1. Remind me, what semi-axes does region 168-327 give for its equivalent ellipsoid, largest first in whole Å, using sqrt of 5 times each Cα gyration tensor eigenvalue?
2. Taking other Cβ within 10 Å of each residue's Cβ, how do D191, D255 sort, fewest first?
3. How much of the DSSP beta bridge set in region 484-578 is antiparallel, as a percent to the nearest 5?
4. Calculate the radius of gyration of the Cα atoms of region 302-393 to one decimal place, then report Dmax, the largest Cα-Cα distance, as a whole number, both in Å.
5. Within region 357-420, report the GluC sites (Glu not before Pro) that DSSP leaves as loop and that have at most 16 other Cβ atoms within 10 Å.
6. With 20 Å as the limit, write out which pairs from K173/K319; K178/K490; K312/K349; K4/K383; K500/K533; K533/K578 have Cα-Cα distances beyond it, or answer none.
7. Kindly provide the helix-only [θ] at 222 nm of the chain, computed as the sum of -39,500 (n - 2.57) over DSSP H runs of four or more divided by all residues, to the nearest 500 deg cm²/dmol?
8. Report, for the chain, the % of DSSP beta bridges that are antiparallel, rounded to 5.
Amino acid sequence: MKNKITACPLDCYDACGISYVDGKLKALKVGHTQGFLCPHMNHYAKHETIQTPRYKGKEISMEAALIHLAQILRESNPSEILHYRGSGNFALMQEVSDHFFASYGATLTEGTLCDGAGEAGIIEGRGSNKNMPLSEIAKSEVVIFWGRNPHTTSSHILPLIKDKKIIVIDPVKTKIAKMADLYMQIQPRGDFSLAMLFSRFLHINHGCDIEYLDKHATEYEEFYELTQTIRIKATLDEIGISLGQIGDVLELIKDKKVAIVCGVGIQKYRDGADIMRAIDAFAVMLGLFGKEGCGVSYLGSSREHISSPFNKKANRVSKVNTEFANFKTVFIQGANPLSQMPDSLRVKKSISQTANVVYFGLYENETSEIADLIIPAKSFLSKDDVRTSYSHNSMMFMDKVTESEAGISEYDLSAYLCNYFNISIESEEFYLNHFKNFAVEIDDGIWHVKGRDEVSYQEGFDTNDGEFLFLDEFESNLEKSDMFHLITMKSDTSLNSQFKRQESVYLNNSLGFKEDEVVIISSANGSVELKVKINDDLRDDCVLIFSGTKGLNNLTSSKHSYEGKSAIYQEDRVKLLKYKE
Ligand SMILES: Nc1nc2c(c(=O)[nH]1)N[C@H]1C(S)=C(S)[C@@H](COP(=O)(O)OP(=O)(O)OC[C@H]3O[C@@H](n4cnc5c(=O)[nH]c(N)nc54)[C@H](O)[C@@H]3O)O[C@H]1N2
Ligand SMILES: Nc1nc2c(c(=O)[nH]1)N[C@H]1C(S)=C(S)[C@@H](COP(=O)(O)OP(=O)(O)OC[C@H]3O[C@@H](n4cnc5c(=O)[nH]c(N)nc54)[C@H](O)[C@@H]3O)O[C@H]1N2
Ligand code: SF4
Ligand SMILES: [Mo]
């Protein structure tokens, strides 16, 4: 019998292919999955899912839940309904509910809790966000991991970089930092200055690719002048980098194929767009675009070259500082905003002022706790879908591999609502085929999104004049403060708030706290009490709390990045206080 094939639905760079054999999930050997999955998928079945719908705390049947949902919606004016969809499942059919809610006249969201600031910086410079895929990183000679933690968040890159020189720029001494040929334990948000100084010294050392710049980025001399406005010694002292390290990096990458692999870590700040754009500019000075094995890899657009078959025209409000209180009914799908949105205390208060909160998800969490109506979703194993990735060009088909009694799929829920309210909707197959039509088989069983480049920007950039647009001004983002930097990186035990969540705050030993002691961490937005774990991989000016830790977002602000409508989880500094009984 042919094995059934699907793919991991999680919001992750890798988008692994999976075969389902005798009730077990196995990694595909072909393509980017390379025969292994990460702990999330290896232990997927262990996590208890919600089995039965509930209304006001009482278990009800799925039929009754759908009737309640339709009634709640009918009794709300469309303009009083908010559809808030997160990225708990990253596949394309998840958006079918946008179609119902947009057609009904409800409000949808815009902006991002994730990568928006960095993406805005990329688009300003290059005119588009075309990624350097994994297959190109594999061809490079030197890889710079800049605010990316591959062992935790993107492990399928690791087998591809075994024989390469590795440089790591990260305030936390991660596993990849420990293996690196060169590691720079930079002060958080010091990356803007570092990138500018890299460009400056590259120019001084005559390392710029002038032939390339004369064609694709002619304003480079002006940009070099801008980099000269940064004071070298004071800035390097402040961000914890030495001149020698800058020289060593430039030496290591000289005349090499270089991949700069960035993660979201660099851009969780108000000026995240400028930071990413300064890193891009350094890559341009090196002439890294449009060449095999060279470039900048970030979170590319997983939707590039794929149009949506769904109606998505709607009023939108930001998902960063959503004022839930402005709505009577809030429908939350694939998200846990009470934990993962910034400024949790504000979120809780605002959402408590709505009449109806509907939660459509897999797991119990802070959001299911306060919801009036809970509708369990079917997991990816029991529904058909299709997905793409933000780090490679594959399209993965996700066939239903097993039946399940519990839960309902996004398509079935949306079709029920469309039928109830007389809104037109096509068949599930129609939409699946719509997406699959964007794929082309490039090897036996391996499908790519049609029309995507493996090597992007070969003909120059997608700006109006085809040239890279350098920054022409900036404000220093370095501020002296006796408060700590908050680092909120991803945990290897959880996928944001799914699975096993962390419960501690991590501190450098020199701060004088003891293992397991409770401390109060506070910011301008709120506070949280957590047990201490000592970790000397951290700088002594940093407090690390992993994404998904309960109460973490009490500390973060719901301000947006200057560009990109993105949350900025590391903008606000924090204080530490000993806990007194
Ligand atoms: N196991 C696991 N995997 C995941 C996720 C998860 O929760 N768990 N989440 C998924 C999602 S939604 C996303 S968006 C991706 C994100 O994956 P990554 O892009 O790897 O993101 P982070 O772990 O947030 O941060 C990456 C690194 O940035 C560093 N960093 C923090 N601040 C700074 C800074 O100011 N400068 C520099 N240079 N580095 C800094 C952190 O220490 C960390 O090592 O991962 C996905 N994969
Ligand atoms: N402090 C801090 N906060 C952060 C971050 C950080 O680094 N630091 N990271 C941010 C980032 S990058 C992201 S992407 C967001 C993620 O934040 P969210 O989008 O809220 O994602 P999750 O925490 O993974 O919660 C997703 C929920 O989706 C549900 N779900 C899973 N699969 C399905 C499905 O098939 N159907 C339906 N209907 N539901 C499903 C599960 O019940 C799960 O609870 O968090 C952001 N918040
Ligand atoms: S590495 Fe990412 S895509 Fe692969 S199984 Fe783990 S979470 Fe899923
Ligand atoms: Mo994310």
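We did not get these values from a lab; they are worked out from the coordinates using the rules stated. It should be emphasised that the depicted structure is a prediction, and the values quoted were computed from it without experimental measurement. When we count neighbours, we look across all protein chains shown, and the Cβ atoms used for this are built from the backbone with ideal geometry, even at glycine.
1. 32, 21, 17
2. Sorted ascending by nearby Cβ count, the order is D255, D191.
3. Looking only at bridges with both residues in region 484-578, the antiparallel portion is about 65 percent.
4. When restricted to Cα atoms, region 302-393 yields Rg and Dmax of 15.4, 43 Å.
5. E364, E403, E405
6. In this structure, K173/K319; K312/K349 lie more than 20 Å apart at Cα.
7. It lands at -7000 deg cm²/dmol.
8. 45 percent
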